[in-house]
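Below is one structure, written out as structure tokens; comments come after it.
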Amino acid sequence: MSEVEKVLIVGGGIAGQTCAAALTRRGILCHVVELKDNFEIVGAGMYTQGNALRALLEIGVVEEIVKQGWHRDDDTTQVADSGGNVLARARYPRIAGPSVPAMVPISRRVLHKILHRAAQQAGVATRMGTTITSLMDIPSRGRVDVAFTDGTEDSYDLVVGADGIHSRVRDLSFGPQQPRYTGFVNWRVVLPKPAEVDIVTWMNGNGTTLGVIPISETELYLAGVIRQADNRWYEKHEILPIIRSTFAEYGGVGGQLVAQLDSRHDIVYTPIVEIELAPPWYRNRVVIVGDAAHASTPFWAQGASMAIEDVVLLAQLVEAGGPLSAILSQWMERRLSRCSWVQQGSRQTGEMLHEEGPGMREKMNSYVAAHFQQDVNDRYSRFAEAI
Ligand SMILES: Cc1cc2nc3c(=O)[nH]c(=O)nc-3n(C[C@H](O)[C@H](O)[C@H](O)COP(=O)(O)OP(=O)(O)OC[C@H]3O[C@@H](n4cnc5c(N)ncnc54)[C@H](O)[C@@H]3O)c2cc1C
């Protein structure tokens with residue numbers, strides 16, 4: 001018998017919708033509140049990795065993700081130099097089972113729709129344009145009393161903070177946390193996919209990288225990373241000239257796509273930050289998941305996978321029952337080393353890939369040519385471990 005029968009999920013993003021679907025399918029009543037008025041998702045595309053797909057099998061969305069996203073049957077990606085010359089290809093293991101691709105890059109908007117529909121079909125309605133104003137989590141009361149911005153109040157057995165990097169739940173329960181700027185900025189844009197683009201390609205430049213990532217049969221996203229000491233904010237019209245000059249050295253298909261960018265394109269610009277909440281990521285009846293607890297750099301493309309694994313494991317442990325304190329302590333034990341490993345490893349990869357200075361690019365390119373497959377094997381054998 002579980003102490004958890006009624007849950008509030010704050011944040012209707014990737015972690016929030018997955019959490020709602022996973023808990024509701026187990027017979028637990030969930031309420032979801034989302035700050036935004038609508039789900040006009042920004043952010044181009046992203047990879048749904050094999051370990052995320054394995055966790056998502058629990059909420060029955062994998063077939064739809066594979067159908068609406070993009071994959072290669074041979075599960076390979078490639079790395080090239082800034083001229084477009086291929087340095088190495090690597091094959092990724094199928095973590096979610098032999099019939100599920102190793103990874104599925106997909107539009108963020110499409111992924112969000114699929115997850116949201118799964119939560120709706122499980123019976124959860126997301127209250128849009130709403131958030132919490134206060135949380136009263138007094139241990140002796142055995143519940144959390146919550147007040148909302150729409151003037152309503154309610155009580156819950158558990159509150160899940162799935163409200164991203166600037167989490168209000170985290171700040172209310174743990175005190176304010178400042179996201180840490182990592183020294184990198186990212187831009188990305190969705191473009192029509194030329195027929196000849198049939199593989200994910202990352203290209204290495206001088207302190208920059210450029211990714212050409214198909215997300216469907218007709219679209220791809222182009223993503224660039226720049227090492228930048230200060231966390232300056234750019235207005236929309238300032239970004240394009242910076243991209244043009246910083247990525248002018250690129251050739252191949254990546255270079256051609258950069259050259260085609262103009263002011264009509266909807267380019268999303270993001271300074272890359274991390275959150276490193278000191279464990280445990282829970283207090284009494286409030287737990288913090290996903291980016292709100294451990295936002296990481298995107299160099300391993302694993303942030304959403306970690307968020308999804310967080311909430312699927314939480315749902316499994318809640319279903320298994322027992323006192324909430326034991327559920328949360330077991331959850332923490334199983335999430336901490338994996339999420340910390342991703343955060344540190346992704347940051348190190350980013351530092352290595354964007355090393356500047358004489359000879360660094362050549363050194364990087366020869367390292368990648370020699371080690372790409374081995375690095376993938378090492379990393380993904382750990383992703384394949386049970387969560
Ligand atoms: C450039 C870049 C590329 C990336 N690429 C990948 C990739 O390829 N693969 C991958 O796995 N990950 C990737 N990530 C990471 C991934 O985007 C995040 O890890 C993931 O979105 C985290 O999900 P989340 O649900 O925890 O947070 P979010 O997706 O941020 O969702 C939080 C939700 O909470 C809502 N919210 C915020 N505040 C409140 C509030 N006070 N009340 C109610 N609701 C609130 C927000 O509106 C949002 O809907 C990338 C990240 C970046 C920056």
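We did not get these values from a lab; they are worked out from the coordinates using the rules stated. Predicted, not measured: the structure shown is a model, and the values here were computed from it. So basically every Cβ, Gly included, is an ideal-geometry build from the backbone, and we count neighbours across all protein chains shown.
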Q. By how many nm would the segment from Ile199 to Arg127 grow when fully extended, if each residue of separation counts as 0.36 nm and the alpha-carbon distance is taken off?
A. 22.0 nm
Q. By its C-alpha gyration tensor, with a ≥ b ≥ c as the square roots of the eigenvalues, how is the stretch 227-268 shaped: rounded for a/c under 1.5, else prolate for a/b larger than b/c, else oblate?
A. oblate
(Q) Distance between the C-alpha centers of the stretch 63-114 and the stretch 214-228? Whole Å please. (A) 13
Q) Rounded to the nearest 0.05, what FRET efficiency do Ala386 and Met352 have when you use their Cβ-Cβ distance and R0 = 30 Å? A) 0.55
Q) Among 152-163, 217-228, 5-16, what's the highest-first ranking by average C-beta atoms within 10 angstrom per residue? A) 5-16, 152-163, 217-228
Q. In nanometres, what is the gap between the two model label sites at Leu336 and Ala278, each 7 Å from Cα along Cα-to-Cβ?
A. 1.3
Q. How much net charge surrounds Ile28 when only other residues with a Cβ under 12 Å from its Cβ are counted (Lys, Arg +1; Asp, Glu -1)?
A. -1
Q. Setting aside same-chain residues fewer than 8 positions from Lys6, which aspartates and glutamates have a Cα under 18 Å from its Cα?
A. Glu34, Asp137, Asp145, Glu153, Asp154, Asp157, Glu319
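Using only helices, what value at 222 nm comes out for the chain when you add -39,500 (n - 2.57) per DSSP H run of length 4 or more and divide by the total residues, to the nearest 500 deg cm²/dmol?
Theoretical 222 nm ellipticity from helices: -11500 deg cm²/dmol.
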Q | Cα gyration tensor, the chain - rounded (a/c under 1.5), prolate or oblate | A | prolate
(Q) Please enumerate, by chain and number, the lysines with C-alpha under 27 Å from the C-alpha of Lys67, excluding those fewer than 8 residues away in the same chain. (A) Lys113, Lys193
Q) Using the Karplus equation 6.51 cos²θ - 1.76 cosθ + 1.60 (θ = phi - 60°), what ³J(HN,Hα) coupling, rounded to whole Hz, does each residue of the stretch 227-241 give in order, writing x for Gly and Pro? A) 6, 8, 4, 9, 8, 7, 9, 10, 6, 3, 5, 7, 6, 4, x
Q. Based on the Cβ-Cβ distance from Met360 to Asn38, what FRET efficiency comes out when R0 is 45 Å, to the nearest 0.05?
A. 0.50
Q.
How would the stretch 337-383 be classified by its alpha-carbon gyration tensor: rounded, prolate or oblate, with rounded meaning a/c under 1.5 and the a/b versus b/c comparison settling the rest?
A. oblate
Q.
Starting from 0.36 nm per residue, how many nanometres of slack lie between Gln374 and Gln78 once their C-alpha separation is accounted for?
A. 105.2 nm
Q) Residue-wise, which Karplus ³J(HN,Hα) couplings in Hz belong to the stretch 277-286, taking 6.51 cos²θ - 1.76 cosθ + 1.60, θ = phi - 60°, and x for glycine or proline? A) 6, 5, x, x, 7, 8, 9, 6, 10, 10
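What fraction of the DSSP beta bridges in the chain is antiparallel, stated in percent and rounded to the nearest 5?
Details: 46 of 66 bridges.
Of all bridge pairs located within the chain, approximately 70 percent are antiparallel.
If each residue of separation counts as 0.36 nm, what is the full-extension length gain between Gln120 and His265 once their alpha-carbon separation is subtracted?
So the chain would gain 49.0 nm between Gln120 and His265.
What translational diffusion coefficient, to the nearest whole µm²/s, does the stretch 142-249 have by Stokes-Einstein, given a Kirkwood radius computed over alpha-carbon pairs, a temperature of 25 °C and 0.890 mPa s viscosity? List each step's numbers first, then the result.
On the way: Rh = 17.9 Å.
D = 137 µm²/s.
Would you mind calculating the relative contact order of the chain from Cα pairs under 8 angstrom and at least 6 residues apart, reporting the percent as a whole number?
Contact order relative to length: 23 percent.
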